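For reference, the structure is listed below as structure tokens.
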Amino acid sequence: MRRASRRTQSGSNMAYGHCLEPDWLPHVEAIIDVVSDGNCGYRCVASGLALGDVDGWRIVRRRMYDEIIGYEDLWREVLGSSFETIKNARHCPEKQEGASFKEWLTLPDMGLLVSTAFNVILVNLSHGSASTFLPLRSTPPSSLHNRLIIAMANERNIHWVRVSSMIFCELVCFPLIGFVTISSMFYCSL
């Protein structure tokens with residue numbers, strides 16, 4: 001049985017508030033819950049990209065797969081021994097509805113892939129493992145109005161929710177200088 005996405009407003013029931021560091025809670029505008037079918041991480045990204053609740057997750061998985069195949073040499077170097085596992089897990093058969101554990105979106109290993117495939121800033125606000133991912137092959141738009149920031153949090157390593165807040169714009173809207181190279185640090189802890 002599929003359940004519809006639901007939006008949890010910060011002024012009311014913060015059902016997933018425990019997923020975040022307590023200091024973040026006053027700055028959260030909404031926590032957006034998505035269908036819990038193994039594709040919840042991809043659904044959070046799709047929600048942040050306004051791709052829709054029904055099949056947006058397929059677009060996300062497909063774009064991640066296209067990115068990893070299209071720039072295979074880069075991703076082999078970045079992902080190392082995890083390359084084949086991550087590549088195979090992104091492939092999405094047309095009729096697939098749910099995702100097995102090995103196909104779930106996981107961070108930090110897939111953070112750069114999401115960020116690069118969609119040229120977005122991806123922020124993981126999970127309690128105890130907050131991190132920010134920037135695209136590897138491009139620079140996010142310098143204009144605040146054109147820059148897309150997707151924030152997510154993980155509940156007990158079994159479910160992703162999307163987090164909405166204006167403060168993230170203030171936190172990650174720093175001047176973007178130069179290019180990230182393979183030898184650079186791939187993600188920064190908050």
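Read-outs: derived from the displayed coordinates by stated rules, not from any lab. All values reported here derive from a predicted model rather than from experimental measurement.
Derived scalar couplings between HN and Hα for region 22-39 equal x, 5, 7, 3, x, 9, 7, 7, 7, 10, 9, 7, 10, 4, 9, 10, x, 9 Hz in order, rounded to whole Hz, by the Karplus curve 6.51 cos²θ - 1.76 cosθ + 1.60 (θ = phi - 60°), x for Gly and Pro.
Taking amide H as placed 1.01 Å from N in the peptide plane, LEU20 has its amide H under 5 Å from the amide H of HIS127, each at least 5 places away in sequence or on another chain.
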